[in-house]
Amino acid sequence: MGLLTSPGSPIDAGLNFWLILPLGILIASGVGLLLGLPVLPLRGDYLAIVTLGFGEIIRLFLINRDDLTRGSQGLSAIPRPDLFGFRIDSFTEWFYFVVAAAVIVGFCTSRLRDSRIGRAWEAIREDEDVAAAMGVNTTKYKLLAFASGAAIGGLGGVIYAAFIGFISPAAFSLQVSIDVLAIVIIGGMGSTPGVILGSLILIGVPRILQFRETSDFLANLGWLRDGLNGLIGAVDAVTPGSIGRLPPAETWGAQIADDTRFIIFGALLVIVMVLRPSGLWPSSRRRLEFAHDDTPAPAPVAAP
Amino acid sequence: MPVALTLSVSFWSDQFVNGLTTGSLYALIALGYTMVYGVLKMINFAHGEVFMLGSFAGYGALVAMGGNELSGPVIALAILGAVIVAMSASVSASVVIERLAYRPLRGAPRLAPLISAIGVSIFLQYLVLEQTSARAKFYPDIFPRGSIGAGPFEITYIQLFLIASSVAMMALLYAVIQRTRLGRAIRAVAENPTNASLMGVDVNRTIVFVFILGAAMAGVAGVLYGLFFQTIRGSMGFIPGIKAFTAAVLGGIGSIPGAMAGGYVLGLAETVGRELLNELPGVNLGNQWRDVIAFTLLVTILIFRPTGIFAQRSTTRA
């Protein structure tokens, strides 16, 4: 669903940030609504793959329509926001701004979850047919879910664009989706504290690894690198071809943060699913849901 | 309503042959998706990466056997060797993936194996990207050039080889599924795992064989892809993977002949179909739009006809 952020940022240089913000949210939720309409009857993995397909279509469409987005070159010189005459510019100011936005969104979603709408969503998630039988208008609430999910995505997209100062359809690439997916799954699906914990770990640890202090510390591990390289050399001597050597120890942190991160994320997704499918900090409901794992799955019911 | 086509006959026959070529690859890969879906009701997201691993293994084998230095009849042997190496690599990878990432999740909610599969896919893709420093590798340019044909119909040797060997592999697979004991076990498990196990079928073993057969097809597709397109890279599995899944859905997921037919329909839709659209006034879709066509087809089919375009009987799926 993170892919929906891309249509949420059609920022024309020159417009005020505070004008674009609601506009972006509005457009994003409109697009979410439009995409939600045709996929309403779909469930489960078909829904997942259609969402993926839509994401690719939109991305390819935006890249190929150079007139709209200048293709993969993207749009640059996006203005930064003013707040009551105070310009949000420095990194620290951005930090407080984004945290404030996250807190507001977090508050809104938690209120939403406990509202009538949230209860309807939960009922639909547990069992759509039963929910419908209990009088929940599933069409309305599912569309509402698409729209509000996309609205939050649009908000994120607009803030992201203003922060980076540059967007292109290519920038909302697979890697952002992988980050988001890993955060949600590893933190705990449907759990707000889980998502916060997940992003602190999955985004924070790589950043720490990039610090100068980390590489200074890692520089002490030269002996470890020499030892491992000796081992690799021994393996290399008996196998055809060459498998290369480890890079200098002080670059390990940056290396992991950069390239190796996604290899680790991929492995973590599998490990979490196998060992702790509800995530690090599960929502209580999800924990119960996955706790049924040990009971045998009910026999598939044949469609009439 | 007959529409006068502005382009020559040879142009259209070229597009047709191109469609058959990519369609063959989609069909081979789609078989893996459709068979796994048939028995496990799960989208094996890592299948595109199994195809990628096969392609890289075949590349390694060809280079080790002499690469561009190869000439004469040895080339045929080298390609056969590369295919065998690629199949072994894909099959081993697939068996390990099944054991570590999918089997522990048997009986879990359906979302769990799907996410696990996405994890494997990300893992393998970035592992290979890092090992190759995200640079492309180039298959040795050893396949004889030239083409044969009659009149406006021309087909290059490599295209002929690709299409013929794909069809041969698919015929072989079809025979295995229809005529052998193993094939009968696979069909039984696809129909109903519980009943199959009551009849004495070892369900876990059968599922492993399904992964083996699908991965073998993907391995062959990997080498054929490399020989035809020459450029391979760690991220090469994603797009063909999604498209092969599209092909499987087109033909009705779970159906083996459907996956083969779906592959060719998709291949032709991307080439001939795109050019036909270009014949309409005001339409000019370049080559980069073929992915859009494929994904639009996928979304349309899933929404309007989730049992596939050839579906006769309704399959049991939610």
Evaluate peptide A:182-192: per residue, the Cβ atoms of other protein chains within 10 Å of its Cβ; return the mean as an integer. 1
Would you please put A:50-56, B:251-257, B:26-32, B:186-192 in order of how densely packed they are, using the mean number of other Cβ atoms within 10 angstrom per residue and starting with the highest? B:26-32, B:251-257, A:50-56, B:186-192
Give the average, rounded to an integer, of partner chain Cβ atoms located within 10 angstrom of each Cβ in B:125-131. 5
Positive end of the dipole of region B:66-214, charges at C-beta (+1 Lys, Arg; -1 Asp, Glu), about the Cα centre: which of B:T132, B:I84, B:A196 has its Cα farthest in that direction? B:A196
I'd like the distance between the alpha-carbon centres of region B:266-296 and region A:17-66, rounded to an integer number of Å. 22
How big is the dipole moment of chain B about its Cα centre under a simple scheme where the beta carbon of each Lys and Arg is +1, that of each Asp and Glu is -1, and everything else is neutral? Debye, nearest 20, please. 1060
Take every residue in peptide A:50-57, count the Cβ atoms of other chains within 10 Å of its Cβ, and give the average of those counts. 6
Given the DSSP H assignment, sum -39500 (n - 2.57) over each helix run of at least 4 residues in chain B and divide by its residue total; what's the result at 222 nm in deg cm²/dmol, nearest 500? -22000 deg cm²/dmol
Beta carbons within 10 angstrom, averaged per residue: use that to sort the peptides B:104-117, B:236-249, highest first. B:236-249, B:104-117
Table column - 3J(HN,Hα) (Hz), region A:53-59, Karplus curve with 6.51, -1.76, 1.60, x for Gly and Pro: x, 4, x, 5, 4, 4, 4
Of the listed peptides A:27-34, B:50-57, A:140-147, what is their order by residue-averaged count of other C-beta atoms within 10 Å, with the highest listed first? B:50-57, A:27-34, A:140-147
Once amide H atoms are placed 1.01 Å from N in the peptide plane, what residues at a sequence separation of 5 or more from A:S283, or on another chain, have their amide H within under 5 Å of its amide H? A:S191
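No value in this document is a laboratory result; all are computed from the given coordinates. Values in this document were obtained by computation on a predicted structure and should not be read as measured data. With ideal geometry, Cβ positions are generated from the backbone for all residues, glycine too; neighbour counts draw on all protein chains shown.
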